[in-house]
Every structure is written in structure tokens, then in C-alpha cells.
Amino acid sequence: MFGVSSLSLRGMTLREAVTSASEAEFDVFEFVPQVFGSIDTYTCRVRQELRGMFENFELVTIHSSDIELEKGVPADLTSEDALLREKSINKYLDYLELALDVGARMITFHPAPRDKIVTCTPDPVPYLEFAEIALEFIGTEDIYLGYEFFDVELIHTIGNPRFGLLFDAGHAASLFEGEATAGVLKLLDNALLATIEVHLHGVDFSGSGFKIDHVPFSRSRAIDCGQVFRLLTDTGFAGPLVFEIGIFEKNRASENLKHSIEARNEMLAKMEMS
């Protein structure tokens, strides 16, 4: 299932973003609520409307990317500040409640600020505690939960088939020197059984040596997205593959959507050739 992230559609209203993704015939819509307003703006009426709008997709997944508790204060489940950690848990549960209200069947969390998301989690306890809280919160609801990081062992420790991992192939490329395809493929192959969703976007080299992610496939020199997709198809991955292209470009939604469509069509062509 191919999807587009609303992070790529910044500058559109939520209705425009949903309509554009639907008209482009994406199976999946990744809804990032904070792109369109704070959690408080999603009233009961708005949630009911969204539930109807989202029926056009095979799957809606909510992604809680870079949530702030207040301006300049990111949510962080791993904070040593007990009050900040409690506020972070409550904020994530607000997003989980939103997911249930709008009929989303998947929600993925940035458990900590970007600079803390690493291959192995130094202290697994906060992650395990929140996973337990979140799983109790959803009860028997038909929804999958996941963390965006690469700690497969922690997901195994959680030990619940409804809690998995969001594997961002572009972010994985930053863990390796130079052209990263081989390293990303090895990391992904190890994570596949725990993976419920994949983010895919191009990664390029900058003039100063670091990598630039979330670029169109046509600019991707640091990772071969086609090989990543081939591994997913060869292993029978059935979860959503969401394109996160141009997410830092606030006024280029139409161009980002075009690049996402091109990425999907390129992957479909590879399926037909295999």
C-alpha cells in the first residue's frame, strides 16, 4: 500500500490535502495533525468530519512527528524531568484518542526529539512504560502502534503484535558513511518482522559531507530507493509504504505531491518488471 504524508503537503488545508491524496489514488494517507493546527482545534465535529473524509483511503495512519508541549519544548518520553515526561505521555495519549476518533488504524510516535533517536535505545524503561500505557488505552480497538526508531530488540521486548516499528529508510541512511544502500538494506532486513510501516524518501549528499534527506527520488545519490522497495516486495511486506518527500518545503505541496506520485509510479513499474 502506497501513501503520502501530510508533511509533504504543507501549505494546503487539511481538506485540500485529503482531497489531493485521494484524487492521486493513494491507498494510504499519513495524517500529521500538527501540520494543520494544535490538537485542541480538532473538536468533536471536526473529528466526525475527518472520519467521513478518511473513508476514501484503505488505511489512515497518524504520525506524531516533532510534537511540542509548548513552543520550544518538545515532547520527550525519555526526559529526566518527571513532570515533562508525564506531560509527554498525556500529549501522546491525546493523539492516540484522536486516532481512534477519526478511524485511523495505525499511529506512530516520535518517542523523543530527533537527536535522541538512535539504533539502540540507551534506557528502554520509558519506552516500555509508554507502550504498556498505550496498549492498555486502546484495549481491543483495531489499531496498530509503533515507534519511529531502529531498536528492534525493544520492540521484541514489548512483545505485542500490535506494537511495532516505523522504519524510516532515509533516516537509516544517515547512520552510514557514504552511499548507504547496503547498510540500510541490512538494517531493514533485520527489522522487517517488527516493522509495521516504512517511510521512504530520497537522500542526497551535501557539499559539506552530511546527508540531505526527504528529497525526490531523482536526486537520491546516497540511497537506492528501488533496492529498498525490492527488499520489501521480496519479503512480502504488507504494511504501508509512505513517501515523505519535501517535508521541509512549506509552500511546495503541489510539487511534493507530484514527486510522490512519480515515486509511487516508479515503484509500481519495478513491481511489473520483477
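The values are calculated or read from the model by the stated rules, or taken from the named source; none is laboratory data. It should be emphasised that the depicted structure is a prediction, and the values quoted were computed from it without experimental measurement. Counting neighbours? That spans all protein chains shown, and the Cβs are built from the backbone with ideal geometry, glycine included.
Take the residues of the range 131-166 that are in a helix (DSSP H, G or I) and of a type in the set (D, E, K, R): which is surrounded by the most Cβ atoms within 10 Å (Cβ to Cβ)? So, considering only residues that are in a helix (DSSP H, G or I) and of a type in the set (D, E, K, R), the one surrounded by the most Cβ atoms within 10 Å (Cβ to Cβ) is Glu132. Checking the stated criteria, Ser220 turns out not to satisfy the condition of being without any contact (Cβ under 8 Å) to a residue 12 or more places away in the chain and more than 18 Å from the chain's Cα centre (by Cα). Against the numbered list (1) surrounded by fewer than 20 Cβ atoms within 10 Å (Cβ to Cβ); (2) among the aliphatic types (A, V, I, L, M); (3) over 21 Å from Glu25 (Cα atoms), Ala238 comes up short only at (3). If you go through the range 238-274 and keep only what is closer than 22 Å to Leu188 by Cβ and under 16 Å from the mean Cα position of the chain (by Cα), you end up with Ala238, Gly239, Pro240, Leu241, Val242, Phe243, Glu244, Ile245, Ile247, Ser260.
Residue count for the range 62-114, restricted to those that are crowded, with 17+ Cβ neighbours inside 10 Å, touching a Pro at 6+ places or on another chain (Cβ under 9 Å) and in a loop (DSSP other than H, G, I, E, B): 9. Can you find a residue in the range 203-210 that is of a type outside the set (A, V, I, L, M, F, W, C), touching a helix residue (DSSP H, G or I) at 6+ places or on another chain (Cβ under 9 Å) and either at pLDDT 95 or above or outside any helix (DSSP H, G or I) (or both)? Yes.
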